[in-house]
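This report concerns only the one structure given below.
Values quoted throughout were computed directly from the atomic coordinates according to the rules given, and no laboratory measurement underlies them. Every value quoted in this text rests on a predicted model; they were computed, and no experiment measured them. Note that each Cβ is placed from the backbone with ideal geometry, even for glycine, and that neighbours are counted across all protein chains shown.
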Amino acid sequence: MTGKENLQRAISFGGPEHLPVQIDINYEWLNEKNNEKTEKIENLRKTIFEDMIVCGYHAPERIEKTEKLNEKKWFDEWNVGWIDDGHGARTFQHPLEKGYHLINEVSFPEGGNEDWFISASERYAKNKDKYKVGTVWFTLFERLWMLRGFNNMLMDPYLDYENFALLQEKVLEFNLKQIDNWIKLKADAVYFSDDWGSQRTLLMNPEDWRRIYKPAYKKMFRKVRDNHMNVFMHLCGNVIDILPDLIDIGLNVLNPVQPQAMNIDELSRRFGGYLCFYGGVDVQGTMVNGTKQEVKDEVHHLIRQLGKFGGGYIGGTSHSIMPETPLDNIIAMLEAFNEYQ
């Protein structure tokens, strides 16, 4: 069975031959440096099937010089300013922060530029047996607040809906054209992202979310599903209030599944068999402070609860592995996942 076939079985509850697992490790970010343990991690990763290949588009960026050592500044295709001082990238400049009167002065990208997808096309061609995922990252809410600033975007739908709706339509149009390119490349799924959850609840009233944002997601998800592809979405935090809505409009796979924000047993009870979960190993607590056995126990619990529906689970972490994570706990996690290969 190919990786593509196995992952599709997991997503559709068709009985995969092995547990799909997808874990990214940034060794430069990790505080602990130990060549022997790093080699053991890499050897363990080689024993775990990687069924999936995830590709994004590559748009040109404008680099800005900086005098500080190891600091990088750049502007993306939407003219949003980014900075990375060694602790992860964050935005520092929002082109419409001072007002919508600037909307005609900002150069927005045209969607559907096939040159941005050349690298993805080449990688897909080299990995024909794998399940191919294309991204439309910073999909809607995140793109909007990056353009307007976070506080502005929380208020805009209530204080200036006309301009908000105009900007949302521009972003939606761009995204639909990007989806067209993934259709042309015969991707198996499109991966969206919007962080709607805080640690405890949604960032806005669920009824307002349904009225203001759900119709746009429905258009994007429908385009993907109508072309026989699956819908992945990265949603941080507690989004349990809108999971029925997302399932209703076509969501297949939810990532990253944060156990300190949503109860794993409740997710299994309410949504198991309807939604495939991807992630879940707690990078906030267990991976940082737990023992090796506690890490393994958590992996087993996730698989028992989320993967018991003839599939329904893709192994992974609840977000990026944190710098203070002991290498021994990464080893323990991989050893536990290895039991299901």
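Of all lysines in the structure, those lying under 17 Å Cα to Cα from Lys186, and not within fewer than 8 positions of it along the same chain, are Lys4, Lys126, Lys128, Lys130, Lys132, Lys177, Lys223.
Couplings 3J(HN,Hα) of the stretch 254-265, computed from phi: 10, 9, x, 6, 9, x, 7, 10, 9, 6, 4, 5 Hz, in residue order, whole Hz [Karplus 6.51 cos²θ - 1.76 cosθ + 1.60, θ = phi - 60°; x for Gly and Pro].
Nearest 10 degrees is fine. How inclined is helix 327-338 to the longest principal axis of the chain, computing both from alpha carbons? On a 0 to 90 degree scale, this one is about 80. Candidate cross-link partners of Lys73 among the aspartates and glutamates, defined by an alpha-carbon separation under 16 Å and a same-chain spacing of 8 or more, comprise Glu61, Glu64, Asp84, Asp85. Taking amide H atoms as placed 1.01 Å from N in the peptide plane, the amide H of Val21 lies under 5 Å from those of Asp51, Gly315, each 5 or more residues away in sequence or on another chain. I'd like the distance between the alpha-carbon centres of the stretch 235-262 and the stretch 285-302, rounded to an integer number of Å. Using only Cα atoms, the two centres lie 22 Å from each other.
Of the peptides 185-197, 96-108, 237-249, the order by per-residue mean of other Cβ atoms within 10 Å, starting with the highest, comes out as 185-197, 237-249, 96-108.
Within the chain, what percent of beta bridges assigned by DSSP are antiparallel, to the nearest 5?
30
Note on the stretch 122-174: Cα convex hull, mean projected area over all directions, 4.8 nm². Each residue of the stretch 194-202 was assigned a 3J(HN,Hα) from its phi angle through the Karplus curve 6.51 cos²θ - 1.76 cosθ + 1.60 (θ = phi - 60°); the sequence is 7, 7, 9, x, 8, 5, 10, 7, 5 Hz, with glycine and proline shown as x.
Taking the inverse of the mean reciprocal distance over all distinct Cα pairs, the Kirkwood hydrodynamic radius of the stretch 184-341 comes to 16.3 Å.
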